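Heads up, the thing below is written out as structure tokens.
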Amino acid sequence: MTVEREMEVRLKDVCKSYQRGSQQVPVLEKISFEIARGEFLALMGPSGSGKSTLLNLLAGIDKVDSGTITIGGCEITTLGDSELADWRAASVGFIFQFYNLIPVLTAYENIELPLLLTCLSRRERREHVLAALEVVNLTDRMDHRPSQLSGGQQQRVAIARAIITDPAILVADEPTGDLDRVSAGEILNLMDHLVRESGKTIIMVTHDPRAAEKAHIVRHLEKGILLES
Amino acid sequence: MNIPLSYSFRNLLTRRLTTFLTASGMAMVVFVFAATLMLTDGLQKTLIETGSPDNVVIIRKGAQTEVQSGVERLQTSIVASQPEIAIGQDGSCLMAREMVVLINLPKRGSNKPANVVIRGIGAHSLALRPQVKLIEGRMPRPGSAEIIAGLSLSGRFQGTGIGEHLRFGMREWRVVGIFEAGNTGFNSEIWGDADQLMQAFRRPVYSSLLFRLADVTQFAAVKERLEGDPRLTVEAKLEPRYYLDQSEAMAKFLRILGITLTIIFSLGATIGAMITMYAAVANRVSEIGTLRAIGFQRSSILAAFLFESLLLGLVGGVAGVFAASFMQLITISTMNWQTFSELAFSFSLTPTTVLQSLGFSLVMGFVGGVIPALRASRMSIVDALH
Ligand SMILES: Nc1ncnc2c1ncn2[C@@H]1O[C@H](COP(=O)(O)OP(=O)(O)O)[C@@H](O)[C@H]1O
Ligand SMILES: [Mg+2]
């Protein structure tokens with residue numbers, strides 16, 4: 001029983017297919033696995049194998065065809081659209097390949113964005129944002145717009161935004177895919193730090209073997225099937 | 001739980017050029033809309049100010065204007081015997097029997113003829129109209145062929161300057177004075193002795209009666225008595241109401257014309273806003289996906305884009321009203337289509353017009369923005385993030 005309680009993410013018989021024209025194309029077939037709390041998992045596999053699809057499902061931005069996904073005790077596959085949005089706001093942090101910052105907002109405002117969905121006061125939000133800026137070491141850049149920041153800096157802002165609500169899991173889809181070696185190294189160190197110091201659970205899709213090295217567990221996906229590790 | 005308003009605002013600022021062009025289109029429509037309302041308001045304001053609140057106008061039942069009206073001498077005596085009529089300083093009733101005819105006079109310079117109102121006045125006509133003042137010369141002597149001309153008329157028509165002569169009604173009339181009547185219709189009239197003018201035009205009846213009530217609260221009683229009297233076929237109206245009724249047809253026409261035009265133009269401006277907002281949504285698809293992934297609800301996305309479009313409309317509205325406010329500097333001289341006389345008035349910007357114009361611009365912003373905003377809010381997150 002104690003083992004089960006520690007499991008942060010549980011997938012059971014998850015199937016997903018997409019409609020392409022008139023035919024159903026299966027993308028994921030009967031995926032089942034578990035990730036313990038505080039784990040750093042890298043998901044690898046050839047392009048088109050369904051990695052992003054799997055990540056999207058367990059981040060609650062896509063819907064399964066069948067099967068169940070339970071995260072932190074909450075069976076998200078039973079939630080409706082609006083409940084799912086609230087759940088994401090509280091429980092998931094997103095890190096994207098192309099950072100996906102809002103161009104018209106400053107670094108500070110981008111990081112603050114998820115906090116607008118909480119009931120924190122402006123002052124409390126400020127404290128949180130300043131602390132997150134400290135973690136990603138960008139305090140001196142907080143008034144810059146994304147276009148005034150380098151790729152590595154933008155990704156650090158994105159990480160600060162992802163952790164600002166203190167979510168249990170972080171999902172990252174090729175977070176170093178658009179970065180040079182040095183910046184990629186910084187991002188990976190930051191993620192490693194988050195797992196070790198803050199006990200975050202991270203699920204990261206990557207092609208980059210150096211990124212996979214940082215992870216505790218590496219799983220391979222091929223043609224919609226999770227290979228045995 | 002909403003996306004901050006500054007997000008919408010800054011997006012408008014970021015694409016300055018399209019914002020400017022789209023808002024300009026809406027501003028032009030709002031300008032026409034506001035100008036139409038200002039025109040009708042200005043017209044009605046001028047006409048209402050023509051009347052004094054405690055004056056009563058008596059015209060024949062069914063006649064809309066003095067020009068169409070006729071009141072016989074005997075009937076005027078019955079009206080004059082009403083006890084509610086105020087008494088003047090000379091001890092007689094503050095009442096004037098008047099006669100109105102229209103004649104054609106050539107304009108100075110162009111020689112083009114235009115209609116001018118000739119008003120036959122009584123001893124109290126001037127006293128009953130505090131806004132009319134003799135500014136040059138003197139009043140016509142009763143029983144003489146002397147006339148005075150309104151200020152806005154005297155410069156523009158031949159023979160209407162002081163000391164000059166006019167020929168009408170088969171007689172020569174000498175201009176002995178100039179009067180000024182503010183922005184009212186009297187400014188474009190010629191006044192002379194009523195009995196002399198009736199003889200000249202061979203008219204046996206007066207056109208109207210004007211009297212002042214000692215107590216304006218008595219109006220309903222006087223009206224009921226006069227209109228119920230079997231010997232009389234008259235209608236009694238308070239003077240401001242009388243002039244307002246006169247302007248109603250023209251104001252309505254202007255309003256319908258202006259609003260029809262604005263609605264047609266507004267379709268163009270609204271489609272412009274829609275295209276702009278569609279482009280805004282298309283350019284920000286991945287942003288929308290990101291915001292939704294972070295946890296913002298569909299309704300927040302809808303609100304953000306709708307707000308952006310409303311703001312766009314409001315920018316156009318403020319610019320349009322600002323431009324229209326300068327129309328107040330213009331005075332228009334036109335035909336009063338009820339009396340066919342000249343009428344000078346200005347565009348008048350009221351708070352109601354400002355609010356209606358801004359409301360109209362918001363409606364354009366809303367209609368233009370609602371479909372693109374709905375589309376933005378309905379996107380699937382995964383598709384948007386691709
Ligand atoms: N929204 C979608 N509609 C249709 N097909 C999709 C969609 N998303 C992904 N796919 C298909 O699903 C398969 C897996 O995609 P994806 O999960 O993005 O792979 P990966 O991230 O491993 O490269 C691909 O064949 C892709 O074309
Ligand atoms: Mg992918």
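The values are calculated or read from the model by the stated rules, or taken from the named source; none is laboratory data. None of these values were measured; they are calculated from a predicted model. Note: ideal-geometry Cβ built from the backbone for every residue, glycine included; neighbour counts use all protein chains shown. These accessible areas exclude ligands, DNA and RNA; they are computed on the full protein's heavy atoms, side chains included. Shrake-Rupley method; radii C 1.70, N 1.55, O 1.52, S 1.80 Å.
Summarise the partner chain shielding of A:91-98 as one whole number: the mean count of Cβ atoms from other chains within 10 Å of each residue's Cβ.
2
Taking each residue of B:285-293 in turn, how many C-beta atoms of other protein chains fall within 10 Å of its C-beta, and what is the average?
If you average over the peptide's residues, the count of other-chain Cβ atoms is 5.
Considering only protein heavy atoms, what per residue accessible area in square angstrom results for the range B:62-232 with a 1.4 angstrom probe?
Computed with neighbouring chains in place, this is 44 Å² per residue.
From the residues B:GLY109, B:GLY155, B:PRO83, which one has its Cα farthest along the dipole of the range B:62-232 in the positive direction, the dipole being from +1 and -1 charges on Cβ of Lys/Arg and Asp/Glu about the Cα centre?
Going by the Cα projections, it comes out as B:GLY109.
When a/c is below 1.5 the answer is rounded, else prolate if a/b is larger than b/c, else oblate, so apply that to the range B:1-78 with a ≥ b ≥ c taken from the square roots of the Cα gyration tensor eigenvalues.
Prolate is the answer for the range B:1-78, as a/c is 1.5 or above and a/b outweighs b/c.
What do you get for trypsin sites (Lys or Arg not before Pro) in the range B:103-159 restricted to DSSP loop and a cutoff of at most 15 other Cβ within 10 Å of the site's Cβ?
Loop-located and lightly packed - B:ARG108, B:ARG138.
Give me a single rounded figure for B:4-13: the average over its residues of other chain Cβ atoms within 10 Å of their Cβ.
The per-residue average across the peptide is 3.
Where the accessible area of chain A is counted over protein heavy atoms with a 1.4 Å probe, how much of it, in %, is carbon and sulfur?
Looking at chain A in its full context, I get 48 percent from C and S.
May I ask which of B:LYS112/B:LYS133; B:LYS133/B:LYS223; A:LYS30/A:LYS200; A:LYS16/A:LYS51; A:LYS16/A:LYS63 have a Cα-Cα span longer than 19 Å here?
B:LYS112/B:LYS133; B:LYS133/B:LYS223; A:LYS30/A:LYS200
Could you work out, for chain A, what percent of all Cα-Cα pairs fall into each 10 Å distance bin, beginning at 0 Å and stopping at the bin that holds the largest distance?
Taking all Cα pairs of chain A, the binned fractions are 8, 32, 36, 19, 4, 0 percent.
Quick one: pull the percent of accessible area on chain B belonging to carbon and sulfur, 1.4 Å probe, ligands and nucleic acids left out.
64
With +1 on the Cβ of every Lys and Arg and -1 on the Cβ of every Asp and Glu, and nothing else charged, how large is the dipole of the range B:103-235 about its Cα centre, in debye rounded to the nearest 20?
420
Once both axes come from the Cα atoms, what is the angle between helix B:16-49 and the longest principal axis of chain B, in degrees from 0 to 90, rounded to 10?
For B:16-49 against chain B, the angle is about 20 degrees.
Could you run the numbers on buried accessible area between A and B, total for both chains, 1.4 angstrom probe, in Å² to the nearest 100?
The buried area between A and B, both sides summed, comes to about 2000 Å².
Rolling a 1.4 Å sphere over the protein heavy atoms, what is the accessible area per residue of chain A, to the nearest Å²?
Roughly 47 Å² per residue, with all protein chains present.
Given N residues in the range B:166-279, what is its alpha carbon radius of gyration divided by 2.2 N^0.38 Å?
My calculation over the Cα atoms of the range B:166-279 gives 1.81.
Please report, to one decimal in angstroms, the Kirkwood hydrodynamic radius of the range B:62-232 built from all distinct Cα-Cα pairs.
When all Cα pairs of the range B:62-232 are included, the Kirkwood radius is 16.9 Å.
Take peptides B:188-194, A:217-223 and line them up by average Cβ neighbours within 10 Å, highest first, as a rough protection proxy.
Answer by packing, highest mean first, reads B:188-194, A:217-223.
List the residues of the range A:105-142 that lose 50 Å² or more of accessible area once all protein chains are present, compared with their chain alone (1.4 Å probe, heavy atoms only, no ligands or nucleic acids).
A:LEU113, A:LEU116, A:LEU117
Whole-Å semi-axes of the protein assembly as shown's equivalent ellipsoid, largest first, each the root of 5 times a Cα gyration tensor eigenvalue?
85, 23, 20
Compute accessible area for the range A:41-77 by itself and then with all protein chains, 1.4 Å probe, and report residues whose area falls by 50 Å² or more.
A:ILE61
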